Amino acid sequence: MKLSTVFGAAVAAFVAAPAFAGTLEVVKAKGFIQCGVSQGLPGFSNPDDQGNWSGLDVDVCRSLSAAVFGDPDMVKYTPLSAKERFTALSSGEIDVLPRNTTMTMTRDTQLGLVFPGVINYYDGQGLMVPSSLGVTSALELDGAAICTNTGTTTELNITDYFRSNNMNFELVAFEKADEVVAAYDAGRCDVYTTDRSGLAAQRLKLTDPEAHTVLPEIISKEPLGPVVRRGDDEWAAIVRWAHIAMINAEELGVTSANAADMRNSDNPSIKRLLGSEGAFGEGLGLSNDWAFNIISMVGNYGESYEKHVGPDTPLKLARGVNALWSDGGLQYGAPIR
Amino acid sequence: MAQSDIADQTSGSGSSAEKGSILYDPKVRGLFFQIVLLAALIAWVLWVRRNTLDNLEAQGQAMGFDFLAGTSGFQILTTLGTWVFDYQVGSSTYWDVFLIGIVNTFAVAFLGIIVATVLGFVMGVFRLSSNFILRGFATVYVEIFRNIPLLLWLFILYFAVLRNLPDKRDKVAIWGESVGLNITGLYAPFPITYEGFWMSAVAVLVAVVLWIILGAVMKKRQEVTGQQFPTFWVGLGMLVAIPTIVFYSTGAPLEWEYPVFTEEGPVLRRGYQAGIGMVIVPEMIAVWAALTLYTAAFIAEIVRAGILAVPHGQSEAAGALGLRPQPTLNLVVIPQALRVIIPPLTSQYLNLTKNSSLAVAIAYPELVSVFAGTALNQVGRALEMVFMMMMVYLFFSIATALFMNWFNSRMRLVER
């Protein structure tokens with residue numbers, strides 16, 4: 001079942017001509033974007049009971065669709081396990097992978113893939129324990145049993161953390177997040193570790209979410225961002241600038257509600273962003289209202305954040321380092337000019 | 001000539017075959033087409049290899065088996081494999097991870113095959129029992145287990161087991177202080193051997209060899225003189241006595257390390273202490289149980305079919321010759337039933353071995369989970385690693401098949 005993707009990659013390597021350049025043409029020709037997402041991570045990519053996907057990562061797909069087609073819904077979603085995701089992308093099964101994927105050097109250089117360099121969520125790995133354990137710091141966890149899922153950076157991070165602090169632990173690694181939650185909920189492990197955003201999302205699935213504590217330590221840097229295939233610079237640029245457009249829109253105060261009015265703004269930055277001045281879309285191989293479509297149909301970065309993961313959602317994730325640079329965060333959009 | 005005779009028979013036409021034209025010689029033709037096929041196959045393999053390498057290079061993917069020497073930076077759940085290879089994060093390599101996966105796969109397949117065979121035979125015989133309760137029980141068992149997919153059984157058994165076991169700070173004592181069970185596993189004493197223990201191990205081997213020799217000698221004697229000899233009891237006596245004497249005369253070089261259960265201190269520290277005694281993790285138990293119960297249902301049906309395949313006249317004939325029911329079963333019915341049972345049984349063994357790869361779903365670190373899962377994600381050499389894995393399963397399956405074929409030829413009907 002899970003191996004199908006691996007074999008898919010193997011088969012693709014056998015037969016497919018290495019004609020992966022030109023994803024934009026391929027996407028335009030078939031009329032939709034095939035987008036690799038998680039198998040259900042609330043707030044990031046999660047299907048509702050009618051099968052409609054939503055979340056911060058899904059908004060990446062929607063923004064691309066809005067930029068390319070002028071319609072945010074020309075997207076088909078492929079749910080992927082952590083293990084399958086890279087082979088699915090390199091084999092051409094999907095066009096882009098915005099699946100809460102940590103940018104690391106190995107992934108960026110050795111898998112035939114490339115991170116366009118935009119990070120749609122700055123995360124870090126955290127640890128959650130039942131409050132009844134009375135543990136207040138990760139440094140007290142010597143000898144603990146830890147549940148996590150395979151095929152992610154979390155296995156390496158937790159091993160590094162415990163080794164560098166000279167602590168022993170037992171790692172129980174499941175293939176899918178649902179089983180990790182079930183096993184942790186049953187008491188198989190003392191600790192559940194994954195990215196902190198993931199902990200916030202997954203704890204909602206526990207029998208009693210309030211009976212668990214997320215420890216203060218952040219044991220790794222997890223910059224999560226979309227991935228594309230190596231060697232397709234045009235497509236990578238579209239993915240990069242779609243995100244930058246959403247950040248700049250927030251900084252300039254352009255929202256989905258006022259985007260139409262803002263086209264007549266006197267601010268040249270806004271005019272360039274919304275395509276009423278200059279021809280920036282052409283450089284991407286798109287129409288000049290590409291960013292206008294993204295902002296009016298999907299929203300700016302702040303809107304997307306508040307809608308899916310912000311303090312008013314069940315995840316209750318404060319903006320933190322994901323605030324705009326002007327508010328002391330790390331989200332910084334290169335200028336459009 | 002013999003060749004032209006065949007040519008005449010097969011082609012049916014006359015003139016050119018009689019002249020012995022090499023074009024119409026069936027042997028030459030056969031050879032020609034075989035060479036063509038072989039050449040085509042080799043060319044195809046080379047083409048696929050070339051094309052794969054080209055495409056991987058075009059995709060910018062690294063390739064080769066050099067990654068196996070790299071250190072693996074992740075922890076693996078304590079299992080037979082990590083113990084056998086003394087897995088240490090920081091010094092163990094991906095090659096060790098590969099071997100650990102193989103050992104864990106082998107362990108669960110081997111244990112599964114043994115227990116599934118025993119359980120399958122019992123259930124198969126029960127299905128033919130005249131006792132309504134036994135027959136009904138076996139029927140329900142077979143129908144339930146073979147009609148629900150194995151993956152579901154894995155989840156059901158694993159999570160049902162987990163939910164029902166006492167938590168980590170608690171335990172069920174199975175045998176006083178030495179054997180106990182909780183959600184983190186089954187704990188038992190661990191044998192620590194000292195110098196000289198190998199002599200006891202050798203003594204066991206010697207006793208087994210003596211038993212086999214004794215059996216052969218006494219069988220010969222029975223064939224010649226008709227005198228019977230209680231080989232089983234004498235052999236068993238030797239198997240117990242010889243190692244025991246050696247063990248104590250070498251100074252009993254064995255000590256049991258008992259698991260330690262703590263009920264005081266910080267909450268996290270309570271429960272069984274890690275690294276002391278022996279532990280079998282619940283993941284392993286669940287995989288083993290699921291594979292065993294599922295496969296045993298199929299084996300039961302095979303056994304039932306095998307026994308039913310022996311005509312009733314055979315038992316009647318044995319009775320007419322004066323054999324009592326037990327020897328009739330052992331000497332007449334079972335040997336003939338085995339002929340029917342063994343070939344499909346082999347397939348079930350192969351299925352069980354391959355199905356063990358489903359264990360990835362519930363965190364048992366077998367080959368697919370630990371090598372094609374965690375390690376593959378770290379190094380990303382999908383082609384190489386999947387190839388290695390396929391070779392392992394192929395090797396396991398061929399070894400099982402060869403053994404069963406050998407066993408089958410031993411069991412086949414010898415006609416005089």
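Report yes if A:SER90 is within 14 Å of chain B (Cβ to nearest Cβ) and surrounded by fewer than 23 Cβ atoms within 10 Å (Cβ to Cβ), otherwise no. For A:SER90, the condition - within 14 Å of chain B (Cβ to nearest Cβ) and surrounded by fewer than 23 Cβ atoms within 10 Å (Cβ to Cβ) - is not met. The set of residues in segment A:176-208 that are surrounded by 24 or more Cβ atoms within 10 Å (Cβ to Cβ) and within 9 Å of chain B (Cβ to nearest Cβ) comprises A:VAL180, A:ALA183, A:ARG188, A:CYS189, A:ASP190.
The residue that is surrounded by the fewest Cβ atoms within 10 Å (Cβ to Cβ), counting only those in segment A:257-275 that are of a type in the set (A, V, I, L, M) and either in contact (Cβ under 8 Å) with a residue 12 or more places away in the chain or in a helix (DSSP H, G or I) (or both), is A:ALA260.
Being at pLDDT 85 or above, hydroxyl-bearing (Ser, Thr, Tyr) and outside any helix (DSSP H, G or I) narrows it down to one residue among B:TYR158, B:TYR187; which is it? Walk me through it before giving the result.
Values: B:TYR158 fails: outside any helix (DSSP H, G or I).
None of the others qualify; the one that does is B:TYR187.
Residues in segment B:69-94 that are in a helix (DSSP H, G or I) and under 26 Å from the mean Cα position of the chain (by Cα): B:LEU80, B:GLY81, B:THR82, B:TRP83, B:VAL84, B:TYR94. The conditions of being assigned by TED's automatic domain parsing to the domain that holds B:LEU293, touching a residue at least 12 places away in the same chain (Cβ under 8 Å) and touching a strand residue (DSSP E or B) at 6+ places or on another chain (Cβ under 9 Å) are not met by B:VAL332. In the condition set (1) at the interface with chain B (Cβ under 8 Å from one of its Cβ atoms); (2) at pLDDT below 90, A:THR153 is compliant with all but (1). Each residue in segment B:274-330 was checked for being crowded, with 20+ Cβ neighbours inside 10 Å and of a type in the set (S, T, N, Q), and 2 of them qualify.
Of all residues in segment A:61-81, those satisfying the criterion of being in a loop (DSSP other than H, G, I, E, B) and under 25 Å from B:THR52 (Cβ atoms) are A:LEU80, A:SER81. Looking at segment B:190-204, which of the residues that are part of a strand (DSSP E or B) and not β-branched (Val, Ile, Thr) is nearest to the other protein chains (Cβ to nearest Cβ)? Checked segment B:190-204; the qualifying residue nearest to the other protein chains (Cβ to nearest Cβ) is B:PHE190. Between a first residue in segment B:52-74 that is within 30 Å of B:VAL89 (Cα to Cα) and a second residue that is modelled with pLDDT under 80 and not in a loop (DSSP other than H, G, I, E, B), which pairs have beta carbons less than 7 Å apart while being 6 or more apart in sequence or on different chains? Matching pairs, first to second residue: B:MET63/B:LEU56.
Look at (1) within 12 Å of chain A (Cβ to nearest Cβ); (2) under 16 Å from the mean Cα position of the chain (by Cα); (3) in contact (Cβ under 8 Å) with a residue 60 or more places away in the chain and you find that B:GLY380 fails only one, number (2). Scanning segment A:276-314 for residues that are farther than 17 Å from A:CYS61 by Cβ, in contact (Cβ under 8 Å) with a residue 40 or more places away in the chain and not in a helix (DSSP H, G or I) gives A:GLY278, A:GLY285, A:SER287, A:ASP289, A:THR313, A:PRO314.
Please go through segment B:161-182 and give me each residue that is in contact with a helix residue (DSSP H, G or I) (Cβ under 8 Å, 6 or more places away or on another chain) and either part of a loop (DSSP other than H, G, I, E, B) or of a type in the set (A, V, I, L, M, F, W, C) (or both), ordered by number. Please lay out each step first, then the result.
Quick first cut of segment B:161-182, residues in contact with a helix residue (DSSP H, G or I) (Cβ under 8 Å, 6 or more places away or on another chain) only: B:161-163, B:165, B:169.
Result: B:VAL161, B:LEU162, B:LEU165, B:ARG169.
Of the residues making up segment B:160-178, those that are over 25 Å from the mean Cα position of the chain (by Cα) and either within 14 Å of another protein chain (Cβ to nearest Cβ) or closer than 20 Å to A:ALA145 by Cβ (or both) are B:ALA160, B:LEU162, B:ARG163, B:ASN164, B:LEU165, B:PRO166, B:ASP167, B:LYS168, B:ARG169, B:ASP170, B:LYS171, B:VAL172. Being assigned to a helix (DSSP H, G or I) and not assigned by TED's automatic domain parsing to the domain that holds B:TYR158 is a condition met by no residue of segment B:268-275.
The values are calculated or read from the model by the stated rules, or taken from the named source; none is laboratory data. None of these values were measured; they are calculated from a predicted model. We place every Cβ from the backbone using ideal geometry, glycine too, and count neighbours over all the protein chains shown.
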